[in-house]
Amino acid sequence: MRLLIMGPQGVGKGTQAALLAEHYGIPTISTGDIFRYNIKNKTELGLEAMSYTDKGELVPDSLTNKIVKDRLAKEDCANGWILDGYPRNASQVEALDQMLAELGVKLDHVVALEAGREVLLERMKKRAAEQGRADDTPEAIAKRLETYEKETAPLLDTYKSRGLLVAVNGVGAIDEISKTIIAELG
């Protein structure tokens, strides 16, 4: 199973991706987690990424595409994967299409989690308090939500036109949302 999990920040992508990965026995690839790991460990990649994330900006496509391509080629991805937080814009969709063609695999589904803006803001405020994430300031959150609406949300139409989109309400009990996704994926 090769899945994308999409939706605005705070909708629960990471939580659902972890549950789906366990269910299907495939890895979750979170570009955000990769960047946060590198930032925490002050690697060259981390320092470069931090120069963007500290301002609430997204890491440039060229850097993100390189990381995703390298990760999808790893042995543990041979039987499938879940991409969380990628693609975020039209050029990343093109890059992903090219990566998949080179690997000789196809995308199975795109899961779109949905929730209202107030729910998202409250969840991210709580996450910032619990996890102490420097990138969850009110200003950075607002900027990321605006960027999502402008650049990422339109990608859902692309995947819908390809017959890959599965839209699921991201509000409710975590296990119920997970069961709904699995049922929708068949």
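The values are calculated or read from the model by the stated rules, or taken from the named source; none is laboratory data. Just so we're clear, the structure is a prediction, and the values are computed from it rather than from any experiment. Because the Cβ atoms are built from the backbone with ideal geometry, glycine has one as well, and the counts that use them run over all protein chains shown.
Figures for the structure shown
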| item | result |
| --- | --- |
| Unmet criterion (only one of (1) of a type in the set (Ser, Thr, Tyr); (2) under 18 Å from residue 30 (Cα atoms); (3) more than 16 Å from the chain's Cα centre (by Cα)) for residue 148 | (3) |
| Failed criterion for residue 42 (all others in (1) in contact (Cβ under 8 Å) with a residue 12 or more places away in the chain; (2) part of a loop (DSSP other than H, G, I, E, B); (3) surrounded by fewer than 18 Cβ atoms within 10 Å (Cβ to Cβ) hold) | (1) |
| Test result for residue 26, at pLDDT 95 or above, assigned to a loop (DSSP other than H, G, I, E, B) and under 16 Å from the mean Cα position of the chain (by Cα) | yes |
| All positions within segment 10-39 that are of a type in the set (Val, Ile, Thr), crowded, with 19+ Cβ neighbours inside 10 Å and under 17 Å from residue 83 (Cα atoms) | 11, 26, 28, 29, 31, 34 |
| Those residues of segment 1-23 which are assigned to a helix (DSSP H, G or I) and within 22 Å of residue 125 (Cα to Cα), in sequence order | 13, 14, 15, 16, 17, 18 |
| Tally of residues being touching a Leu at 6+ places or on another chain (Cβ under 9 Å), in a helix (DSSP H, G or I) and of a type in the set (Gly, Ala, Ser) across segment 62-95 | 1 |
| Residue check for residue 106: of a type in the set (D, E, K, R), in a helix (DSSP H, G or I) and either modelled with pLDDT of 95 or more or in contact with a helix residue (DSSP H, G or I) (Cβ under 9 Å, 6 or more places away or on another chain) (or both) | no |
| Helices (runs of 4 or more DSSP H) contained in segment 127-186 and holding at least 1 residues surrounded by 17 or more Cβ atoms within 10 Å (Cβ to Cβ) and in contact with a strand residue (DSSP E or B) (Cβ under 7 Å, 6 or more places away or on another chain) | 155-161, 174-185 |
| Test: residue in segment 174-185 that is among the basic types (Lys, Arg) and under 28 Å from residue 23 (Cβ atoms) | yes |
| Contacts under 8 angstrom Cβ, first residue in segment 98-118 being more than 25 Å from residue 173 (Cα to Cα), partner surrounded by 16 or more Cβ atoms within 10 Å (Cβ to Cβ) and of a type in the set (Ser, Thr, Tyr), 6 or more apart | none |
